[in-house]
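Here the structure is laid out as structure tokens; the discussion comes afterwards.
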Amino acid sequence: MSDNPFYKLAPFIQEYIYTHGWTELRAVQIEACRIIFDTTAHLLLAAGTASGKTEAAFLPVVTLLYQNPSATVGVLYIGPLKALINDQFLRLSDLLKEADIPVWHWHGDVSQSHKSKLLKNPSGILQITPESLESLLINRSTELVRLLGDVRFVIIDEVHVFMGSDRGRQVLCQLARLSRFIRTEPRRIGLSATLGDYSLAEDWLKSGTVREVITPRVMGGQQKMRLAVEHFYMPDQAASKVSESEAQEESKNVACQKTSDYYKYIFEKSKSRKCLIFANNRGEAESVIASLRQLAEAERLPDSYHVHHGSISAPLREAAEQAMRDSGVPAAIGATLTLELGIDIGQLDRVIQLSAPFSVSSFLQRLGRSGRRGRPSEMWLVCHEDESSSNESLPELIPWNLLQSIAIIQLYLEERWIEPVQQVKYPFSLLYHQTMSTLAAMGELSSAALADRILTLPPFRAIRQEDFRELLLHLIKIDHVQKMEERGLIIGLAGEQVVRNFRFYAVFPDTEEFTVRDESKEIGSIVTPPPPGERFALAGRTWEVLEIDKRHKTVFAKLVRGKVIASWNGGSGNIHDRIVQRMRDVLFEDDEYSYLQAGARERLRETRILTREAGLNKSSLLPLGGASYALFPWMGSIAYRTLDRILRFISQASLGIKCTGGLAPYFLLLQMDNCTAHDFLSHVRSLRERETQPEELVTSEENLQIEKYDEFIPSNLLRKAFVSDYIDMSILNRLPFST
């Protein structure tokens, strides 16, 4: 019995397991207990959704905390989303209500009274976002030993979300900065359901520490899934904005019918069910829920529709989450990535995905929202494209969205492949942020002391002293940093305006939004409000602007009937080489895929015939008439952008080739007035022998500001980062321009 990890757990945890009807610990929980109880290593738990990872981390950690209480907060849990932290807070509170271990959550929606209780009595478990942790490091720097000096474990949820992003690198900086206040090196536990390369995740998790990472290979049953992919034509939004003349009325009605077919399909697949409808951007989530609500109203069905994304107010987001948890009551939520992660939303009947996800990782995360408690995961992917016109060229007639959906599914079904994380060498935007944050927290520091604190942080190991010195001189010049008479450095007046704004805590780009209110409550926020009297969509409903208070950035609106088109910027993402290459295989193989529905099956059949007749299976450069050509690189987003620059900066100068457009990363449109296709292909082959330097692909006048604080970085450092991290010169050795 002593070898059974169940009997090593705290008595109140054993009682919790009994009362909740668990028949046994799952494999991932057994392995986590073994590693936490019997080793001193970090732990990476990489297992599927609904596998019990959260409990696997907390059961042994809480047991150790119960047996040996900490003098301060003992466990630091870092989560990427407020909703996820709120969910884990409720689950942990239930687990620990019989033990004398408090659970605290800390983010922008948590009341100040709750935070004050923690500050008075720091103990137990603290669940926090990276942004709120940054705030603590800056504003509570003199209290960090009292608050976090005895942290034993750091649990990082959804590590795949953090890896490869400035936000994840911010977390590594924060943990390194905290280590200077903590008595012993805390053990780290990383949780994820979608990791392709475990070694990359292990290296990330242990950054800046000396402990090894153990990743148990948990053997489990094959994930059961049900998949369906359907395709619809939609009228071109621009073309559908017709006048009210009788001559156009008939075509307008046909357009409405085709739009309705798309939404009717989604309506029927979600009606009377618990269903998550994932969109790739907020506007799409708003539009689908507004349309479904109208269809439900026409059938006199209850309004069970909600929207969940970052611009929805906290009470409305929480209402959506609760509606999904309420058993026996249908609910459909249009969501973005805010519900993609591990929040417990009860037993879903199915997931609907609008358009292709950008990655296999995202596909798996969203699929895994369903299929709990022994039921198969179920996803219906609904693709659409604008209805083509007779004058469109071949590349515009290819249903890229449908091909991408199939490719992503096949990569996982055939190979269990998931994207590796892209590594960044020069995160200068984050370097600015952590430099300013450290000065804000520590006060005056000499340049040598500041460099020692910053350049020893894990994400900045590749940055040279000369680069950091150049950054500091630039910051002094623009008054973000001020040099004192004693040669110490403090934050300058211009820097104060940046650092003292609450938006400084986040390293991801944000936009200043207007709060939307009706008579009684906050609805959410929008970026650019329309003028009074006009309408906009938010929370799946239509609102009319009554008044705009620009000083307080508030829009007062009233609820009205009808529907308007919602629009948000966003929805872009890097697509990996393997996905685009698999799309090509989908196009030219003869396989039939059992999950394709009638519309999708017919659309793929038509496309295969069209592209083979055009010769796309034989050459990646196709004539479009005259001197116009379409180039199909069959590469991912980064390689596509590099190729585009090669053609613009090198080929245009030598051959007069002009890039006239395209659709990243699928095709480029070229104008070749002074050369033939043969000349172009010969030129491409010659590029492999030519020693092209990446610096040739960036001009001195070009705006290379990509990350949030790039505007404060010297231009030559931005160019250095762009060349290293955003250009892939290896494509010259793998250009598949002919077969």
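The values are calculated or read from the model by the stated rules, or taken from the named source; none is laboratory data. No experiment lies behind these values; they were computed from the predicted model shown. Please note: Cβ atoms are built from the backbone with ideal geometry, for glycine as well, and neighbour counts cover all protein chains shown.
State whether one or more residues within segment 296-315 are in a helix (DSSP H, G or I) and closer than 29 Å to LYS53 by Cα. Yes, there is a match, as at least one residue in segment 296-315 is in a helix (DSSP H, G or I) and closer than 29 Å to LYS53 by Cα.
When segment 178-216 is limited to residues that are among the hydrophobic types (A, V, I, L, M, F, W, C) and in a strand (DSSP E or B), the one that is nearest to LEU64 (Cα to Cα) turns out to be ILE189. For segment 597-613, taking the residues that are small (Gly, Ala, Ser) and either in a strand (DSSP E or B) or crowded, with 19+ Cβ neighbours inside 10 Å (or both), the one that is nearest to the chain's Cα centre (by Cα) is identified as ALA600. The single condition among (1) over 27 Å from ASP585 (Cβ atoms); (2) small (Gly, Ala, Ser); (3) surrounded by 14 or more Cβ atoms within 10 Å (Cβ to Cβ) that SER637 does not meet is (1).
It is to be established whether one or more residues within segment 235-255 are modelled with pLDDT of 75 or more, surrounded by fewer than 17 Cβ atoms within 10 Å (Cβ to Cβ) and of a type outside the set (A, V, I, L, M, F, W, C). No, every residue in segment 235-255 fails to be modelled with pLDDT of 75 or more, surrounded by fewer than 17 Cβ atoms within 10 Å (Cβ to Cβ) and of a type outside the set (A, V, I, L, M, F, W, C).
Among residues of segment 420-466 being touching a helix residue (DSSP H, G or I) at 6+ places or on another chain (Cβ under 6 Å) and of a type in the set (D, E, K, R), the one that is surrounded by the fewest Cβ atoms within 10 Å (Cβ to Cβ) is LYS425. Scan segment 630-675 residue by residue and report those that are hydroxyl-bearing (Ser, Thr, Tyr), within 17 Å of GLY573 (Cβ to Cβ) and out of contact with any strand residue (DSSP E or B) (no Cβ under 9 Å at 6 or more places or on another chain). Of everything in segment 630-675, those that are hydroxyl-bearing (Ser, Thr, Tyr), within 17 Å of GLY573 (Cβ to Cβ) and out of contact with any strand residue (DSSP E or B) (no Cβ under 9 Å at 6 or more places or on another chain) turn out to be SER637, TYR666. Looking only at residues of segment 686-724 that are at pLDDT 90 or above, of a type in the set (Asp, Glu) and assigned to a helix (DSSP H, G or I), we find that the one that is nearest to the chain's Cα centre (by Cα) is ASP710.
Checking the conditions here, which among ALA566, ALA557 is surrounded by 16 or more Cβ atoms within 10 Å (Cβ to Cβ) and modelled with pLDDT under 90?
From the options ALA566, ALA557, the qualifying one is ALA566.
Among the criteria (1) at pLDDT below 95; (2) surrounded by 11 or more Cβ atoms within 10 Å (Cβ to Cβ); (3) among the hydroxyl-bearing types (Ser, Thr, Tyr), the one TYR265 does not fulfil is (1). Please verify whether segment 525-534 includes one or more residues that are surrounded by 11 or more Cβ atoms within 10 Å (Cβ to Cβ), assigned to a strand (DSSP E or B) and either assigned by TED's automatic domain parsing to the domain that holds ILE312 or touching a residue at least 40 places away in the same chain (Cβ under 8 Å) (or both). Yes, because at least one residue in segment 525-534 is surrounded by 11 or more Cβ atoms within 10 Å (Cβ to Cβ), assigned to a strand (DSSP E or B) and either assigned by TED's automatic domain parsing to the domain that holds ILE312 or touching a residue at least 40 places away in the same chain (Cβ under 8 Å) (or both). Selection of segment 123-141 for residues being surrounded by fewer than 22 Cβ atoms within 10 Å (Cβ to Cβ) and assigned to a loop (DSSP other than H, G, I, E, B) yields SER123, ARG140.
Rundown of residues vs (1) assigned to a helix (DSSP H, G or I); (2) assigned by TED's automatic domain parsing to the domain that holds ALA27; (3) more than 21 Å from the chain's Cα centre (by Cα); (4) modelled with pLDDT of 85 or more, yes/no style:
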| site | (1), (2), (3), (4) |
| --- | --- |
| THR49 | no, yes, no, no |
| ALA56 | yes, yes, yes, yes |
| LEU59 | yes, yes, yes, yes |
| TYR66 | yes, yes, yes, yes |
| PRO69 | no, yes, yes, yes |
| VAL73 | no, yes, yes, yes |
| TYR77 | no, yes, no, yes |
| ILE85 | yes, yes, no, yes |
| PHE89 | yes, yes, yes, yes |
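In segment 350-374, the residue that is modelled with the highest pLDDT out of those that are out of contact with any helix residue (DSSP H, G or I) (no Cβ under 8 Å at 6 or more places or on another chain) and farther than 22 Å from LYS271 by Cβ is PHE358. Of the residues contained in segment 480-489, one or more are found to be part of a loop (DSSP other than H, G, I, E, B), surrounded by 15 or more Cβ atoms within 10 Å (Cβ to Cβ) and modelled with pLDDT of 90 or more. Within segment 714-732, one or more residues are surrounded by fewer than 13 Cβ atoms within 10 Å (Cβ to Cβ), out of contact with any strand residue (DSSP E or B) (no Cβ under 7 Å at 6 or more places or on another chain) and more than 30 Å from LEU616 (Cα to Cα).
Just to be sure, is PHE468 out of contact with any Pro (no Cβ under 8 Å at 6 or more places or on another chain) and of a type in the set (A, V, I, L, M, F, W, C)? Yes: the conditions hold for PHE468. Consider ARG375 against the criteria (1) assigned to a loop (DSSP other than H, G, I, E, B); (2) farther than 30 Å from TRP22 by Cβ: it satisfies all of them except one. Which criterion is unmet? Answer for ARG375: the failing condition is (2). In the set (1) out of contact with any Ser or Thr (no Cβ under 7 Å at 6 or more places or on another chain); (2) of a type outside the set (Phe, Trp, Tyr); (3) part of a strand (DSSP E or B); (4) buried (at least 19 other Cβ atoms within 10 Å of the Cβ), the condition left unmet by ALA630 is number (1). Out of ASP590, ASP585, report the one residue that is closer than 27 Å to VAL382 by Cβ, of a type in the set (D, E, K, R) and not in a helix (DSSP H, G or I). Going through ASP590, ASP585 in turn, just one is closer than 27 Å to VAL382 by Cβ, of a type in the set (D, E, K, R) and not in a helix (DSSP H, G or I): ASP590.
Out of segment 612-642, which residues are of a type outside the set (D, E, K, R) and over 27 Å from GLU696 (Cβ atoms)? It would help to see each step written out before you state the result.
So in segment 612-642, the residues of a type outside the set (D, E, K, R) come out as 614-617, 619-640, 642.
Once the filter is applied, which keeps residues that are of a type outside the set (D, E, K, R) and over 27 Å from GLU696 (Cβ atoms), segment 612-642 yields ALA614, GLY615, LEU616, ASN617, SER619, LEU622, PRO623, LEU624, GLY625, GLY626.
Do we have ILE727 as of a type outside the set (Lys, Arg), part of a loop (DSSP other than H, G, I, E, B) and closer than 30 Å to ARG167 by Cβ here? It is true that ILE727 is of a type outside the set (Lys, Arg), part of a loop (DSSP other than H, G, I, E, B) and closer than 30 Å to ARG167 by Cβ.
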